[in-house]
Amino acid sequence: MSALLRQIPANIPQDIRKIRIENSHLTELPRGSFENVSALEYLWLNFNNITVMHIKSLEYLPALKELRLQGNKLSSVPWTAFQDTPTLKILDLKHNRLDVLPEHALRYLPNLTYLDLSSNQLTIISRDVFYNWPVYQRSQRTEGPLEAISNAVLALHDNPWICDCRLRGFVQFIKSVGPPIILMNSYLTCSGPKFRTGKFFYEVELNSCTKPVTSALDTNLTVPAGLNITLTCFVQASPSPAVWWTYALKLLRAFNVTTEPISEDTVRSELLIPAARPADAGNYTCTAANFLGNTSVAINLRVVAPWASTTPRGWAPMVPAEPGAHVEVRIAKQTVYGITLEWFAAAAAAAEPGETWYTLLVGRYDAAQKDTIYIGPGVNTYSVTDLLPATKYEVCVAVRNQAPRKGQCVVFVTGSDVSQMEQREKLIHIVVIVCAMVLAVPAGMYACTAEALPGCLARCPSACPRQAAGSKESTLDSLPAGSEDGLCRPDGGRGARRPPAREEPDKARPPHRNSADLY
């Protein structure tokens, strides 16, 4: 007792009939552990740390009558090992970690009178485990009085039984079992599913298992752009199936999907698409599977009235935003291979900051369709990586079900190659500064963005200062970011700002104004 033994001693006398090693440090029973004590009848190895039991660990123990392995860490038992112990009557395995009981488990225990499997991790077992037990088979064949057959005590309580269709046969066995098999505790309880937790076996009626059948109320949906859309499918199956959604052969992220039971054998799965856009159109497939098979249903989504700007290319109109739709977006960080966006939805964040969803549209500036990314509540940054060199990109941010406007987009240009990191940062910097100005311009005004600089210069020569001849890089770098020189009116020059008057020598120069002063 409480000895620091790490293995079975090798010098045990051959005529020993009982061995008891408890509260020690045994971790395994290797092959031939007791080959020198063939007269052994009682073996108690309770409360050790045994995790492994070799299939030949009980070899040379034909006289063994009692084996107790309570309180160890066995997750499985080599049941065929009991072929070497034909006279075994007591087998105590309680308080281990057994989670599987194969159908042949009791086949080699014909003379058991006590089997304790309580307080393990058994969830699902077949009734065939007991139908194959010689003790049960003898009781069914006997035509005479039962006194001739010894009783067998069976302990199965305190296991986390999952009471679904897979346990149906075992529940029926427990309800019908009688002498010579006696249950130590006949009040076995369910640990799942949730709606059966805590119920006794005799209170439940379990149905047969069925393959999933999926359905949807409407398999063709047409919705307006900008709304939050919920796609719903229903699945009838037993046991409860695993359900997932796919779009264009891609598995959709789980935080957009909710699946919950609505009856004993029916579950409902919902897929949320916030702020639906034309790029979201297509077939969404709801698939369900259990051990009997899988099935799926497809829902075709069509998004109409897409958002499109009617403003001439190169101009960024600012229109009065709807309440909760104003977004300020900027590039917070840039590297050789990508950028990190940061945004703030002023009105929406003040109203319900923990529930605001965002939709990001990312892609090449001239792409007809852009990648759509849904951002959950509480997140206001996103990194765009693996950008191509010498390419113009556009990233737009929308709040919840609002369609993004041009003022909520950032346009930037990447350098011609990785080695031009410094030039590339300047290009991105200039565009972002000018675009950030656009977000602050009052309603009804237009801003000349960097990507439309040539057109702006052509239409309003008096508003934009002449640049010295040079490269495109020098032209962009010399643009006074955040100054009035980048502003033009949409009328092609009429009403444009006049060039500053010649300064008089005796007149004080007005102080420099930054971007915040301008607006």
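Across region 102-139, what is the total count of residues that are open to solvent by 10 Å² or more (accessible area, probe 1.4 Å), under 19 Å from Leu188 (Cβ atoms) and either assigned to a helix (DSSP H, G or I) or of a type in the set (A, V, I, L, M, F, W, C) (or both)?
Number of matching residues: 4.
Can you tell me which residues in region 36-51 are surrounded by fewer than 19 Cβ atoms within 10 Å (Cβ to Cβ) and part of a strand (DSSP E or B)?
Of everything in region 36-51, those that are surrounded by fewer than 19 Cβ atoms within 10 Å (Cβ to Cβ) and part of a strand (DSSP E or B) turn out to be Tyr42, Trp44.
With the checklist (1) buried (at least 19 other Cβ atoms within 10 Å of the Cβ); (2) closer than 26 Å to Thr87 by Cβ; (3) of a type in the set (D, E, K, R) in hand, flag the one item Asp164 doesn't pass.
(2)
Filter region 167-182 down to residues that are small (Gly, Ala, Ser) and surrounded by fewer than 15 Cβ atoms within 10 Å (Cβ to Cβ) and give me whichever is farthest from Asp92 (Cα to Cα).
Of everything passing the filter in region 167-182, Ser176 is farthest from Asp92 (Cα to Cα).
Determine the pairs where a residue that is in contact (Cβ under 8 Å) with a residue 24 or more places away in the chain, located within region 273-298, has a partner that is part of a helix (DSSP H, G or I) and not basic (Lys, Arg) with Cβ atoms under 7 Å apart, the partner being 6 or more residues away or on another chain.
Close Cβ pairs satisfying both conditions: Ile273/Asp280.
What's the number of the only condition in (1) open to solvent by less than 40 Å² (accessible area, probe 1.4 Å); (2) touching a His at 6+ places or on another chain (Cβ under 7 Å) that Asn185 fails to meet?
(1)
So, Ser33, is that one open to solvent by less than 30 Å² (accessible area, probe 1.4 Å), within 21 Å of Leu91 (Cβ to Cβ) and of a type in the set (S, T, N, Q) or not?
Judged against the criteria, Ser33 is a match.
Six or more apart or on different chains, Cβ atoms under 9 Å: show the pairs whose first residue is in region 100-114 and in contact (Cβ under 8 Å) with a residue 60 or more places away in the chain and whose second is assigned to a loop (DSSP other than H, G, I, E, B).
Cβ pairs passing all conditions: none.
Could you count how many residues in region 170-200 are assigned to a helix (DSSP H, G or I), over 19 Å from Val129 (Cβ atoms) and charged (D, E, K, R)?
Of the residues in that region, 2 qualify.
What number of residues within region 150-200 satisfy the criterion of being among the aromatic types (Phe, Trp, Tyr), out of contact with any helix residue (DSSP H, G or I) (no Cβ under 9 Å at 6 or more places or on another chain) and farther than 26 Å from Leu292 by Cα?
Of the residues in that region, 1 qualify.
Scan region 201-211 for residues that are charged (D, E, K, R) and either at pLDDT 95 or above or under 30 Å from Asn294 (Cα atoms) (or both) and report the count.
2
Can you report the number of residues in region 52-93 which are farther than 26 Å from Asn23 by Cβ and not in a loop (DSSP other than H, G, I, E, B)?
Residues in region 52-93 being farther than 26 Å from Asn23 by Cβ and not in a loop (DSSP other than H, G, I, E, B): 4 in total.
The values are calculated or read from the model by the stated rules, or taken from the named source; none is laboratory data. None of the values given here were measured: they were computed from a predicted structure. All Cβ positions, glycine included, derive from the backbone under ideal geometry; neighbour counts span all protein chains shown. Only protein heavy atoms, including side chains, enter the accessible area calculation; ligands, DNA and RNA are left aside. Shrake-Rupley method; radii C 1.70, N 1.55, O 1.52, S 1.80 Å.
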